Structure formats: structure tokens, C-alpha cells
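Heads up, the thing below is written out as C-alpha cells.
The values are calculated or read from the model by the stated rules, or taken from the named source; none is laboratory data. Note that the coordinates shown come from a computational prediction; the quantities given were computed from them, not determined experimentally. Because the Cβ atoms are built from the backbone with ideal geometry, glycine has one as well, and the counts that use them run over all protein chains shown. To get the accessible areas, we keep the full protein, side chains included, count just its heavy atoms, and leave off ligands, DNA and RNA. Shrake-Rupley method; radii C 1.70, N 1.55, O 1.52, S 1.80 Å.
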Amino acid sequence: MKKILGLIALVSLLAAPASASKLEYFLQLGGDNHVGDYNAGQTPLYTQGSEAGDHVVTNNTVNWSVRVEASGDYNGAPIVGAANIVFDLVLTKDGNPVNVGKGGPGVAGFYSNINDGVNQGGHNEDTPYGVLHPLLAAFAYSYTNVSGSQTGDPGRIFDEALSNGPHLKRRTYPTAMGYCLPEPPAGRCSTAGPGVLAGMGAGYEQFIGEFWGGGAGQERAGVGMEGDLSGGQGFCFGLGKGVIAEGQIDTTGLPGGTYTLTLMAGNGNNVLRGDLPNFDCGAGTDGNFAVKADDVVGDSITFIVPVTGCTVPPALVSAVSRRTHGGTDFDIPLNLAGNATSEPRINGVQKLVLKYDKAIGGTPVVGLSAGTLGAVTMSGDELTINMSGVPDGTCLAVTVDGVGCADNPGNVAPTHGVLVTSLYCDVNNNRVVNSTDIAIVKSQSGVAISGTNFRNDVNASGTINSTDIAIVKSRSGAIPAVTCAY
């Protein structure tokens, strides 16, 4: 797990001298939000995942979550938690953004399988800005068992204290568009690039620590701190370093390989001051309770989408030049090494069929050194390339890119291709037309066309006769020998 460190330029709620406060984020994979319990009206505690990378995806679903830790001091006094958290998530593969946005089961992209925005399980979202976007992440149920709490149910970071949450007052949800305020169509949205989940955030507008135990017990501090913070600060008790946010990524259709999920901390990551007079977790309501964190540490974590289908790209095993003679197709096998095979029939090369060692897919891109490319189609393990206008006496080079496996289109074969000598009447395949070709055609005149003599039907009429002999005689010596070899 690679850490992304940096001093983030933040908007401070209060200008402050240099200090040593810190917010550190940790990404986890494979946790469990117990969505079944949630849908049944319960409020489950989030089960944390692993902070180690190389999580292997199963069932096309990645469960991600985020926790935060607050540490350090301000003006010589320990801070008492996070006042604001702001971050985006970025999904990449091999250093490049993955072109996904809003997803869902069966649709590649970010989504939340807990339907935040709907009053379920007794927890109303208390939506601050009207109807929510299609939600792509959620605030996790992870805060529970706080000393002196009046309920054992877990709460989220913005739930009221009686629901066991810190009750942060401002919160946003990330979307593939970026964050919008107010909601569309009136609002304007920031623009998020491919693979970016923009706009996760929560924070206090005011901070008043709620009392527990009839008002005489401990008070609740900010998130990201643990244990008794009462030393010099009243009776504050840290809410812990549990998961604050979670969501899912559907990987359906994504190519196999290693992906990186990166948390990018945004502007506005603030900490709760512990230096105010008689702080006691309830002071500072004049707006001076928060100050920017000096260090904000992001995180990244990797997961593996298993390769499905073929693991070796398709390989070209044979190729033919196909023409129709009197209603029947006849194929000339093409050499894939050494001297190129001649196509001796009228109007030259018109259709090539390339055969591979497995069924093919992807998006083939074909290049011709001469002539005009026509339709390119795939069927099973064959790629058919149509063309026209290849000049006589041409060494035609055909290149192919983008051919992948049918069951793994992203597994693409390297650039490959074939050479063909387009030479009308070269029936004996020696790249020149002369008296030898005339003699061969004469010997087959009147013989029924078959798979062994069809090359002599140079006009592709379906019969070998005096017309073919005359054509070959007219072509003898008309074009110099053609050099065409791999």
C-alpha cells in the first residue's frame, strides 16, 4: 500500500500559526456493510476490510472503505479529532484513468448498495440540499460502544448523538459528475474525469460535544481519535478510528489486471482545536473551533481483477485469398513466410480470410499498402477482409491490429499481417507470367474446374477454356517479375 504524502493547501476557518496537526486516510478493501441487515431495518456495524493491497475481486464487486486518524497538536495543545473530511477517489490501471463513472450490479463503475437518501432502518438521511444524486458511496455505520452512550446501535459520522454518531452538520456525497450545489438543474457541477469519484465530505458547522450519563459523563470528541482525551480538556472521549465512508465498484467487463484506487485529499481538511480556554468539548461555538490540518496524508491500494477467458492473445495460423468461380468459392492458401503467394485471377486480390488459433473479438484495424479497404468482419476464429482496386503487379502488404480473444477482447494480439503478390495470370505462382503459364492453362483446357486446377480459370468464369488461354497469352511478359517476400 503506497502512501501519498503532501502538504495540502487548505482553506482555513481561522488563520493560525505553524503547528503539527495531521489527518491521515487509510483505504481498505473487502469490508462488509451487512447490507442485508440494513435492508431488514437494522443498523449494522461496518466490518472493516484489509489495508493490504492485491485484493482479488470475486463476483465482480470491490467493497472499499475509508478510515481517518487525527493526531498532533495546535498551539501546544492536542487536537481533539477531525472537524472536516474532504476527499475524492481515483481509479487507474497501469497509470491510466479507468473510463468508468456511475455503475451498479452488472454495470462497471462506482455505486453504493446501501440506498442512502431513503429513510431506512430508522435513520433519516437528513439531506441538506434536497433530493440526492444517484448515490455512489455511503457514510459507513461504524461508530458504536462509545463510553456512556445511551444506545448500542452504530451510527454514521453525521447521525445525531442519540444514534451514536458525532452529528457532523455538513456532508456531501460523491458522484461521477463531481459535487453539485444546489442540486441540478439549478446547480452547477464540477467536472470529474474518467475513473474519478468526486466530492466525499463531512464536517461541523458548529461543534458542541454532547454529554452522556445524564450530563455528568464523558463528552464526544471528533472522529479519528481514540481513548480518554480528558487530560486538560474536560471529559472528552475519542470516537475512534473506525470506517467513515464506504462503497462498491462493479468490475463487470473490465479487463483483467491490477487496478489502483487512490484517495486524493481535497481542500477543507480541518481538525478540532484543543487549545481553546476551557474547551471541554463544548466550547468554540463562535466558529473558531476548527483549523486546517498541517499535513494531510492520502492513500492508495491495489486490487486484482482476474483475467477471464483466454490468457494468450490470438495467433494467426493461416490465410487464404478467396474468389468465386461460377458460383463456387475457391481459396488460394497464402504463404506466411518466405515468398508471398500470387493471386492470379482477374482484378487481383479482393477477399482475404485470416484464420486464428482461437475465436476472436475486439476491434480489428486493417491497413492496406494499395487498393481500397472494404468491409472487415469477424466470425468465430476467422477475420474476413474485403478490398478492391489493388493494382496488377503489386506486392500487397496487409496489416492487422486490435484482434483480441472473443472471451477476453482486451487480450490483443501484436500487430501482424500477410503479403500477397497481385499478378494476373501467374498460375504457377513464380511471380512472373510467361510461356510456362500458357502451357499449364492449355493442359487444363476443357477439364472440369476443381480444387486442384482452379487457378487456371483466370477469368473466374467457372470453366477453363480457350478464353483463359488467350488471356494468359496476352499477359505473357506484359509485367516484369514481381519481388514480394517476408
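Probing with 1.4 Å while keeping every protein chain in the model, the per residue accessible area of the stretch 390-486 equals 42 Å².
Count Lys and Arg as plus one, Asp and Glu as minus one, and take only other residues whose Cβ is under 15 Å from that of Thr328; the net charge is then +2. Per-peptide packing, taken as the mean over residues of other Cβ atoms within 10 Å, places 453-462, 387-396 in the sequence 453-462, 387-396 from highest down. Across the stretch 362-486, C-alpha contacts under 8 Å between residues 6 or more apart give a mean separation that, scaled by the residue count, equals a relative contact order of 21 percent. Ordering 23-31, 378-386, 290-298 by mean Cβ neighbour count within 10 Å, with the highest value first, yields 290-298, 23-31, 378-386. Farthest towards the positive end of the charge dipole of the stretch 379-481, among the residues Val400, Val458, Leu383, is the Cα of Val458, using unit charges on the Cβ of Lys, Arg, Asp and Glu.
Backbone amide hydrogens, once placed in the peptide plane, bring Gly104 within less than 5 Å of Gly109, Asp250, excluding anything fewer than 5 places away on its chain. Remark on Ala290: its backbone amide H falls under 5 Å from those of Arg273, a criterion applied only to residues 5 or more positions apart or on other chains, H modelled at 1.01 Å from N.
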